[in-house]
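Before any comments, here is the structure.
Every read-out reported here was derived from the displayed coordinates using simple, explicitly stated rules and does not represent laboratory data. Computed from a prediction, not measured in an experiment: that's the story for all the values here. Note: ideal-geometry Cβ built from the backbone for every residue, glycine included; neighbour counts use all protein chains shown.
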Amino acid sequence: MATSRRQRQVAELIQAELGDLLQRHAADPRLSLVSITEVTMSPDLLLARVYVSHLGAEEETPRIMAALRHATGYLRHELAGRLSLRFMPELRFEYDTALARARRIDALLDQLADAKDKEGPE
């Protein structure tokens, strides 16, 4: 599906402002570990899918996602004050698994390198 220039502009604005809100103004300390990896907008600009990752352990993901869902109203209200949009889109937070997959691949490559080192030179 093609993305319009306006969708990209609004997504970039939301990503920048949400990142600032989470890093500097969120009362919940779990949210300071969150990074906004991508924002995609629906064609009518009424829905923003916000993809997030975090620096904490994988076990913390459900709690962090619950904290984000709980803070959605506050975040949306704050965004409305910062952005000049006719309608403030609904925010849907989704966990971005790309960072977790990258960590898993790094761990597997490290295991292979260790196994090769233990075998010795050929």
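Assorted remarks:
- For segment 31-121, trypsin sites (Lys or Arg not before Pro) meeting the loop criterion (DSSP other than H, G, I, E, B) and having at most 12 other Cβ atoms within 10 Å: Arg86.
- Separation in nanometres of the label points that stand 7 Å from Cα toward Cβ, at Asp110 and Arg63: 2.3
- Cα pair count fraction exceeding 15 Å, expressed as % - segment 68-119: 66
- A DSSP coil position with no more than 13 other Cβ atoms inside 10 Å describes the following chymotrypsin sites (Phe, Trp or Tyr not before Pro) in segment 1-90: Phe87.
- Charge dipole of the chain (Cα centre as origin; +1 on each Lys and Arg Cβ, -1 on each Asp and Glu Cβ, all else neutral): 700 debye, rounded to the nearest 20.
- Annotation: the antiparallel percentage among DSSP beta bridges lying fully within the chain is about 55.
- With N the number of residues in the chain, Rg(Cα) / (2.2 N^0.38 Å) evaluates to 1.35.
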